[in-house]
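Engineer: Handing you this structure, nothing more for now.
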Amino acid sequence: MIPEESTRQKIDALLTQCGWAVQDYTSLNLSAARGVALREVPLKNGRCDYLLLVDSKAVVIVEAKPEGATLSGVADQSAYYGDNLPKIFPTEEWLPFFYESTGAETFFRDERDLHPRSRRVFAFQRPETFAGWVQSELKHYRAPVLKSACEGRLVPTESEPARAEGRDYEPAKVLLQRILAKRRKKWNRCRKYKEPAAPDIANLPELLEGWVWTTIDQLAQVDTGATPKRGTSAFYNDGNIPWITSAALSKPFVDEASEFVTDEAFKTNLTLYESGALLVAMYGEGRTRGKCSELRIEATTNQAIVAVQCYISVRVYVKLSLLCQYENLRLTASGGVQPNLNLSLVKAITIPLPPLVEQNRIVTEVERRLSVV
C-alpha cells in the first residue's frame, strides 16, 4: 500500500467517526447524509483529495499528505483548490474552510480570520458545526448586500449605459407616476380614493440619477387582517380558508397555514390576499416584529400582519427594500414595554426607487450573491 493510500484510509475513518458520509466522486449521493465527504473531486484545474459538502453545498477542502509531511506547507495548495471548484457546486466563490491531514495529524485553517493560518486540531469538525458557521456568516453577509442594493452600489445606474449609448430611459419618477395612475384607475372600493401622500424628503439623502423617493403607500395597496372571535365554532370548525399569523413570517415565503377559518368567519372583517402579497409583521414574539415574507398561496391574515399588495414588476425590489429595513422597522415601532408597528407606520416607510430595468439588474445581482443561502 502506497503512503497516500494509507493516509486516505485513516482520513476516511476519521471523517466517518465525525459524522461524514465518505463517498467516491463517481458515486455521488448527496441525500446519503447532511455531511458528505467526496474523494478525488475533479476541479477546473486538477483534483482535490476531499471536498466536504453540508446540505449539498461545498464548504471544506481537505488535502491529504503522507505521514511525516510538513502540513503547514500545503496551505496555499488547498486554497488554490478552493478557488477552482467546478460550477456544479454552489459556494464556489465563498469557501473559507480548509484542512491538511496525514491521518495522524490534522491542521485546520479558517480564511475568515483576520490573519488566517493553519492550526493543529484533534478531529474534523462535524457537519452540524459547519452548518452553524455558514449560517452565521450568511446572516452577517446578507445585510450589507441588501444595503448596497438599496443604495445603488451593486450595479451601474441605468443612466450610465443610457448616456454611453445615446438613448433615453424611463426614470423612476415616471415609473412611480405610472403605478399611481394604474392604482387610481383600478380603485373599486366603496370609499373615495385617497391619493397616497408623497414622502417628506427634507432630511433624506440625495439619490442617484434616475431614482426617486417613494413610500409603501404610493407603491402598494396596504391592508391589515383580523382575528375572528375565538370560541365561535362557526368561525373555525372545518374551516378551509388559510389564515396566517405572524409566526409564519420567519421564512422568506409563506406556503401553508397552520390555522383555517370558515366562510362565515370571512364575512366578518377579513380580506383574501392573492399569492404575491408581501406580509409584514407588526408585532409578535422575539424577533418577529418587522419580518417580511411573501405569500405564495391565497390566504387571509390576523391583525398582527400588514399585507402589501404591489404590482409584480416592482414586487421583488420592494421585498428587498423591506428586508433591508428590518432593523430600522423595529426601531420605528411605537409603544411601551413591547413596541409595535402599525398600519400608518408601514404605509409611511420610505423606499429609494430605481428605474425598472435597474431594479431587475439589482434583483439579479442580489440573488447571485445570496445564492448560497
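Engineer: Pairs under 6 Å by beta carbon, first residue closer than 22 Å to Arg183 by Cα in the range 199-220, partner basic (Lys, Arg) and crowded, with 17+ Cβ neighbours inside 10 Å, six or more apart or different chains?
Structural biologist: Here the result reads Ile216/Lys347; Asp217/Lys347, each pair linking the range 199-220 to a residue that is basic (Lys, Arg) and crowded, with 17+ Cβ neighbours inside 10 Å.
Engineer: Okay, moving on. Just one of Pro196, Pro242, Pro228 is touching a residue at least 60 places away in the same chain (Cβ under 8 Å) and touching a strand residue (DSSP E or B) at 6+ places or on another chain (Cβ under 7 Å); which is it?
Structural biologist: Working: Pro242 fails: touching a residue at least 60 places away in the same chain (Cβ under 8 Å); Pro228 fails: touching a residue at least 60 places away in the same chain (Cβ under 8 Å).
Answer to the check: Pro196.
Engineer: Then there is this: Could you pull out the residue among Phe260, Phe235 that is touching a helix residue (DSSP H, G or I) at 6+ places or on another chain (Cβ under 7 Å), surrounded by 15 or more Cβ atoms within 10 Å (Cβ to Cβ) and more than 23 Å from Val314 (Cβ to Cβ)? Talk me through it step by step, then tell me what you get.
Structural biologist: Working: Phe260 fails: touching a helix residue (DSSP H, G or I) at 6+ places or on another chain (Cβ under 7 Å).
So the residue among Phe260, Phe235 that is touching a helix residue (DSSP H, G or I) at 6+ places or on another chain (Cβ under 7 Å), surrounded by 15 or more Cβ atoms within 10 Å (Cβ to Cβ) and more than 23 Å from Val314 (Cβ to Cβ) is Phe235.
Engineer: May I pose another question? Looking at the range 26-35, is at least one residue touching a Ser or Thr at 6+ places or on another chain (Cβ under 9 Å) and without any contact (Cβ under 8 Å) to a residue 24 or more places away in the chain?
Structural biologist: yes
Engineer: Let me spell it out: the conditions are (1) within 17 Å of Phe97 (Cα to Cα); (2) surrounded by 17 or more Cβ atoms within 10 Å (Cβ to Cβ), and Thr7 meets all of them except one. Which number is the exception?
Structural biologist: Among (1) within 17 Å of Phe97 (Cα to Cα); (2) surrounded by 17 or more Cβ atoms within 10 Å (Cβ to Cβ), Thr7 violates only (1).
Engineer: Taking Ser293, is it within 22 Å of Leu356 (Cβ to Cβ) and either more than 23 Å from the chain's Cα centre (by Cα) or touching a residue at least 24 places away in the same chain (Cβ under 8 Å) (or both)?
Structural biologist: It is false that Ser293 is within 22 Å of Leu356 (Cβ to Cβ) and either more than 23 Å from the chain's Cα centre (by Cα) or touching a residue at least 24 places away in the same chain (Cβ under 8 Å) (or both).
Engineer: Give Glu274, Glu365, Glu358 a once-over and let me know the one that is surrounded by fewer than 18 Cβ atoms within 10 Å (Cβ to Cβ) and at pLDDT 95 or above.
Structural biologist: None of the others qualify; the one that does is Glu274.
Engineer: Residue check, Gln177 against (1) part of a helix (DSSP H, G or I); (2) under 14 Å from Pro355 (Cα atoms); (3) not assigned by TED's automatic domain parsing to the domain that holds Asn328, all met but one. Which one?
Structural biologist: Every listed condition holds for Gln177 apart from (3).
Results for (1) in contact with an Asp or Glu (Cβ under 9 Å, 6 or more places away or on another chain); (2) surrounded by fewer than 16 Cβ atoms within 10 Å (Cβ to Cβ); (3) among the aliphatic types (A, V, I, L, M), shown as yes or no for each residue.
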site	(1), (2), (3)
Ala162	yes, no, yes
Ala181	no, yes, yes
Arg184	yes, yes, no
Cys190	no, yes, no
Ala197	yes, yes, yes
Leu204	no, yes, yes
Gln221	no, no, no
Thr227	no, no, no
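Engineer: While we're here: Determine whether Lys291 is among the basic types (Lys, Arg) and surrounded by fewer than 20 Cβ atoms within 10 Å (Cβ to Cβ).
Structural biologist: It is false that Lys291 is among the basic types (Lys, Arg) and surrounded by fewer than 20 Cβ atoms within 10 Å (Cβ to Cβ).
The values are calculated or read from the model by the stated rules, or taken from the named source; none is laboratory data. Just so we're clear, the structure is a prediction, and the values are computed from it rather than from any experiment. Positions of Cβ are generated from backbone atoms using ideal geometry, with glycine treated the same way; all protein chains shown enter the neighbour counts.
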